[in-house]
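Scroll down for the structure; my scribbles are underneath it.
The values are calculated or read from the model by the stated rules, or taken from the named source; none is laboratory data. This is a predicted model, so every value here is computed, not measured. No Cβ is skipped: glycine too gets one built from the backbone with ideal geometry, and neighbour counts run over all protein chains shown.
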């Protein structure tokens, strides 16, 4: 087994371990228990010796996350959504010893229907040290982000391209990656899931990719509400890819059942309104905005400002590589359908349109931007690897003929 394949197997293994550890913590909290932070620490430390087996990309991950830890511990939470929504939910879980503490709908303005994968880990970290503050529990972001970087490490064949992927993720996500918001985390999970579907589609059945994809689908709806939409769209593309292997569609479908029984049914039982988007007048709001040139211009301008360059690159890719575009059909479907869904949400929002766009569009389209960026980078990585392999084969053939 060569070094790259061995490294890929280690990364897959650690990624699945972290994802299921995060989800197990969620399940444990539903029964009044939690995963001690020492378990997370030992799992992280177990990854360090792997770095000594090589590998440049592992050291890159280690250095990146060391910087993340310093940034997180260097400042308290101060962004509104991070402090008063996500980590306030974690604080409530910690104080009440109850995963569903927020479902009493205290302080209803902070979206008590929001899922609690990361807040539950923050509560576990606070339990481990015996108190809550506005710094240490934010480290819960680390075990949620790390598996996605490991997934990308296993998907990119060339270390240099993986390095570009890491730099691009940091550039696109900026401070949202570690400031306590869930949007960049959600975007990375969605983009990684799409790349795994593409791998199953273009490279054939792979058991490790399949189980990793299932674990990501298990996590997506529990990170943020939009994760449910992302999961549904990814599942639709997976049905397309695995239609001949219908039994493989059962486990991904079960992730929605688990989400419902673990979280959604409790939200419904508490009578909490999850969204005001679908209240009466939805069609009138949409038609009014579609007829308004000012509203259409506002939405178009906002979306193109944050995603225009990525859509331009995607259009260039589609135009130049039509013959192989079928290999990327699932990711293209996801990007276009998710973008359309976000635009529809802005068309039917009950909030002031300009205010809603200004506060959210840069975050809601993070998943789209990350998916397009990683797709194009993966395409380049695949082509470069094929060219390198072809040159190596030609060189070997020439050497054999000469000898």
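If you check 28, 46 for being at pLDDT below 85, farther than 21 Å from residue 157 by Cα and within 24 Å of the chain's Cα centre (by Cα), only one passes: 46.
Every condition in (1) within 30 Å of residue 170 (Cβ to Cβ); (2) assigned to a loop (DSSP other than H, G, I, E, B) holds for residue 351 except the one numbered (1). Inspection of the stretch 253-272 identifies no residue that is in a loop (DSSP other than H, G, I, E, B) and closer than 29 Å to residue 196 by Cβ.
Answer with yes or no whether residue 293 is at negative phi, loosely packed, with under 13 Cβ neighbours inside 10 Å and under 24 Å from the mean Cα position of the chain (by Cα). Answer is no for this residue.
Among the candidates 61, 85, 72, single out the residue that is in a helix (DSSP H, G or I), without any contact (Cβ under 8 Å) to a residue 40 or more places away in the chain and either surrounded by 16 or more Cβ atoms within 10 Å (Cβ to Cβ) or touching a strand residue (DSSP E or B) at 6+ places or on another chain (Cβ under 8 Å) (or both).
On the way: 61 fails: without any contact (Cβ under 8 Å) to a residue 40 or more places away in the chain; 72 fails: without any contact (Cβ under 8 Å) to a residue 40 or more places away in the chain.
Sole residue among the options that is in a helix (DSSP H, G or I), without any contact (Cβ under 8 Å) to a residue 40 or more places away in the chain and either surrounded by 16 or more Cβ atoms within 10 Å (Cβ to Cβ) or touching a strand residue (DSSP E or B) at 6+ places or on another chain (Cβ under 8 Å) (or both): 85.
Restricting the search to the stretch 127-142, which residues are under 14 Å from residue 41 (Cα atoms) and surrounded by fewer than 24 Cβ atoms within 10 Å (Cβ to Cβ)?
We begin by selecting, within the stretch 127-142, every residue under 14 Å from residue 41 (Cα atoms); these are 128-129, 136-137, 139-142.
Across the stretch 127-142, the qualifying residues are 128, 129, 136, 139, 142.
Residue 308 meets all of the listed conditions (1) touching a helix residue (DSSP H, G or I) at 6+ places or on another chain (Cβ under 9 Å); (2) surrounded by 12 or more Cβ atoms within 10 Å (Cβ to Cβ) but one, namely (1). Residues of the stretch 270-282 include at least one that is in contact with a helix residue (DSSP H, G or I) (Cβ under 8 Å, 6 or more places away or on another chain) and more than 30 Å from residue 29 (Cβ to Cβ).
On the stretch given as the stretch 150-172, residues that are at pLDDT 95 or above and under 12 Å from the mean Cα position of the chain (by Cα) total 1.
Might you let me know whether the stretch 151-167 holds any residue that is surrounded by fewer than 22 Cβ atoms within 10 Å (Cβ to Cβ), in contact (Cβ under 8 Å) with a residue 40 or more places away in the chain and over 24 Å from residue 65 (Cα atoms)? No, the stretch 151-167 contains no residue that is surrounded by fewer than 22 Cβ atoms within 10 Å (Cβ to Cβ), in contact (Cβ under 8 Å) with a residue 40 or more places away in the chain and over 24 Å from residue 65 (Cα atoms).
For residues in the stretch 203-226 being touching a helix residue (DSSP H, G or I) at 6+ places or on another chain (Cβ under 7 Å) and not in a helix (DSSP H, G or I), which is farthest from residue 265 (Cα to Cα)? The extreme case among them is 206. Could you tell me whether any residue of the stretch 97-118 is surrounded by fewer than 18 Cβ atoms within 10 Å (Cβ to Cβ), in contact with a helix residue (DSSP H, G or I) (Cβ under 9 Å, 6 or more places away or on another chain) and under 19 Å from residue 25 (Cα atoms)? The answer is yes; a qualifying residue exists. When the residues of the stretch 317-337 are filtered to those that are modelled with pLDDT of 90 or more and out of contact with any helix residue (DSSP H, G or I) (no Cβ under 6 Å at 6 or more places or on another chain), the one that is surrounded by the most Cβ atoms within 10 Å (Cβ to Cβ) is 332. When the residues of the stretch 29-46 are filtered to those that are in a helix (DSSP H, G or I) and free of Cβ contacts under 8 Å to residues at least 60 places away in the same chain, the one that is farthest from residue 92 (Cα to Cα) is 46.
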